[in-house]
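Written out below as structure tokens is the structure these notes cover.
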2 protein chains.
Amino acid sequence: MTDTVISSATKEIVIGFDRLFCVIGERINPTGRKLLAAEMAAGDFTRVTSDTLAQVAAGAHMLDVNAGIPMTDEPKILAETIKLVQSLTDVPLSIDSSIVAALEAGLAVYKGKPLVNSVTGEEERLEVVLPLVKKYGAAVVAISNDETGISEDPDVRFEVAKKIVQRAADYGIHYSDIIVDPLVMPIGALGQAGRAAFSLIRRLREELKVNTTCGASNISFGLPNRHSLNQAFLSMAIGAGMTSAIMNPCRPQEMEAVHAANVLAGTDPNCTSWIMKYRDHKPAEAGATAAAAPAPAPAGGRRGGRAARAGAGASNA
Amino acid sequence: MTDTVISSATKEIVIGFDRLFCVIGERINPTGRKLLAAEMAAGDFTRVTSDTLAQVAAGAHMLDVNAGIPMTDEPKILAETIKLVQSLTDVPLSIDSSIVAALEAGLAVYKGKPLVNSVTGEEERLEVVLPLVKKYGAAVVAISNDETGISEDPDVRFEVAKKIVQRAADYGIHYSDIIVDPLVMPIGALGQAGRAAFSLIRRLREELKVNTTCGASNISFGLPNRHSLNQAFLSMAIGAGMTSAIMNPCRPQEMEAVHAANVLAGTDPNCTSWIMKYRDHKPAEAGATAAAAPAPAPAGGRRGGRAARAGAGASNA
């Protein structure tokens, strides 16, 4: 049972085992968004503002903020963006950059305890990012790759994660402040990408006792009907024990999968959130009638095991 | 790696670990379907015919056939229904009744190797159903409840399943011919129903080495937006190792979850079935562009871990 606390000036959220799954909004990121990149480079944050409000309205618990635009002063733009986003919402942020100077500029202006995104198992990254994380009392995303790249062997990726956790401990960073990203590969390219991710997530939780995250939509890269694949992936990853994901909260299919998985994982007590969210949804009347006693039936005689069962889903014809 | 072979006169299907998930159509069941019950009792099989064709067209690999109508000659009706269904389709059947005489009547007319649905851990059921299963060389669904009813303790339900497998062995029935139903309870009534089912499914697969099934829609009984819950449940159960389910194949959401889970569990090699099914589905162009190198990015410098990641799901704005 590991809890990772992240906060803004006024709001605290806890990522943890047996907690509601944490949705980290991915939209404030100019990568692959030419228009947003051009606007941010020109100091126009209109779209950053609308993306902030839209993601929070859609149910994001945290927002990832990235300002990675080639040929620009990334530290300055990232700091400005973080100040703006914190003025618009109280959800905690993930400060996202591969440039250490940008991470430090973001950390310097951030109000609260942020998530630093990210450190890898590469020596030169460990040596510069971990001291920053410790200096600012932040939490950090640990990506399970190192100088050798990303291994296709889940055991190797587990060892890289283990090394990062151990190195962090040397810097006085507790494992509860490390969220490991097992790295989700596109399943269209690597048929075992799903199984590898689920087994890694389970091991990271059971053996390293750390919280986990991932870029959920990578799994479906290059395949048709991506949202349905993302939806199933999120449910299965939550079933395997994943506690957060960097994803697009404005996609209804993916969010519905998260809400449903919370119910099924037992982290939505009495299904309260689910019922509040969907109580006006047209119910399956037939199922309700037919499955009046769905479970006890198999034990009893006449109606038979399948009776209640089929009934629970049957439409009334 | 356990394979359970079920067949009709001309078609064989294999339920097994690392196989495509087996969808057993639940619709031919008068329980909770007043109109169907009245028709079947009157010898009118019009709806049985249309339900047979619709379920097979929707992608069912097997069909469950139940004729449990109070105050009727169930053995006669079940046998007639099975003969009709086998004349309409070559998918193997599950002969479903809590009346032993009905099971025997169905087995007597069935062409191929059917699935008998079901036996429980109750002594009197074991003593009458297992000899029938052996006599007709069938496979059987074992429901994990006994005289004491359905325990809320997954360990107790596991022990009941174990007892059934052992008793079956005494009758010369191999464990590969037993498909255990861990019993899925409505999560609206039992908050731990999801977790209990997933842990049981995993243990049944890893320790008893048996295939598993369940009445999938029971999980959402009494809750709003049932199909989304069923969808997430199916993905998570398949992720936990479940190899078949008795469900309604005519529900697109549930079937899409099954197809996606097959891809993610690695049982749809090269995503061939998925691509064939959804190739004309409007692709997420932006994602395709932005995530050109979704995974390697974290290891590389400038673009940052989140860059490719966010890109993989970002829309191009």
What accessible surface, in Å², does a 1.4 Å probe find on B:Phe221, ignoring ligands, DNA and RNA and rounding to the nearest 10?
50 Å²
Using a label point 7 angstrom from Cα along Cα-to-C-beta, what distances in nm, from shortest up, separate A:Asp18 from the other copies?
3.6
What whole-number value in cubic angstrom gives the convex hull volume per residue for the C-alpha atoms of the stretch A:17-162?
133 Å³
Solvent accessible area, Å² - A:Val91, 1.4 Å probe, full protein context
10 Å²
What size of dipole, in debye to the nearest 20, comes out for the stretch A:3-268 about its Cα centre when the only charges are +1 on Lys and Arg C-beta atoms and -1 on Asp and Glu C-beta atoms?
420 debye
Mean accessible surface per residue for the protein assembly as shown, computed with a 1.4 Å probe while every protein chain stays in place, in Å²
35 Å²
Between the stretch A:19-48 and the stretch A:67-141, what is the separation of their alpha carbon centroids in Å?
15 Å
If A:Cys22, A:Cys250 are ordered by their accessible area, calculated over protein heavy atoms with a 1.4 Å probe, which sequence runs from highest to lowest?
A:Cys250, A:Cys22
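At the nearest 100 Å², what buried accessible area, both sides summed, do you get for B and A when the probe is 1.4 Å? Provide the component values of the computation, followed by the final result.
Details: alone 14930 and 14920 Å², together 21890 Å².
Buried: approximately 8000 Å² between A and B.
Only Cα pairs under 8 Å and at least 6 apart count here; give the relative contact order of the stretch B:135-187 as a rounded whole percent.
49 percent.
Would you mind working out the magnitude of the charge dipole of the protein assembly as shown relative to its Cα centre, with +1 at each Lys and Arg C-beta and -1 at each Asp and Glu C-beta, to the nearest 20 Debye?
Details: 62 positive and 68 negative charges, 153 e Å.
Dipole magnitude for the protein assembly as shown comes out near 740 debye.
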Nearest-first distances (nm) between copies at B:Thr46, label 7 Å from Cα via Cβ
6.2
Can you give me the solvent accessible area of A:Thr49 with a 1.4 Å probe, rounded to the nearest 10 Å²?
40 Å²
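Indicate the gyration tensor shape class of the stretch A:3-268 (rounded, prolate or oblate), computed on the Cα atoms with a ≥ b ≥ c the square roots of the eigenvalues: a/c under 1.5 is rounded; otherwise a/b larger than b/c is prolate and the rest oblate. The partial results should precede the final answer.
Values: a/c = 1.38, a/b = 1.14, b/c = 1.21.
Judged from the Cα gyration tensor, the stretch A:3-268 comes out rounded (a/c under 1.5).
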Give me the percent relative contact order of chain A, please, defined on Cα pairs under 8 angstrom at least 6 residues apart.
16 percent
Put a label point 7 Å from Cα along the Cβ direction on A:Glu127, then list its distances to the equivalent points in the other copies in nm, shortest first.
7.8
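How much of the accessible area of the protein assembly as shown, probe 1.4 Å, is carbon plus sulfur, in whole percent? Before the final figure, lay out the partial values.
Working: 12340 of 21890 Å².
Exposed carbon and sulfur together represent 56 percent of the surface.
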In chain B, if the dipole is taken from +1 on Lys/Arg beta carbons and -1 on Asp/Glu beta carbons about the Cα centre, which of B:Met276, B:Val56, B:Gln192 is farthest to the positive end?
B:Met276
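The values are calculated or read from the model by the stated rules, or taken from the named source; none is laboratory data. As the structure is a computational prediction, the values presented were derived from the model and not from experiment. Every residue, glycine as well, gets a Cβ built from its backbone with ideal geometry; the counts of neighbours run over all protein chains shown. Each accessible area value is taken on the protein alone, full model and side chains, heavy atoms only, with ligands, DNA and RNA left out. Shrake-Rupley method; radii C 1.70, N 1.55, O 1.52, S 1.80 Å.
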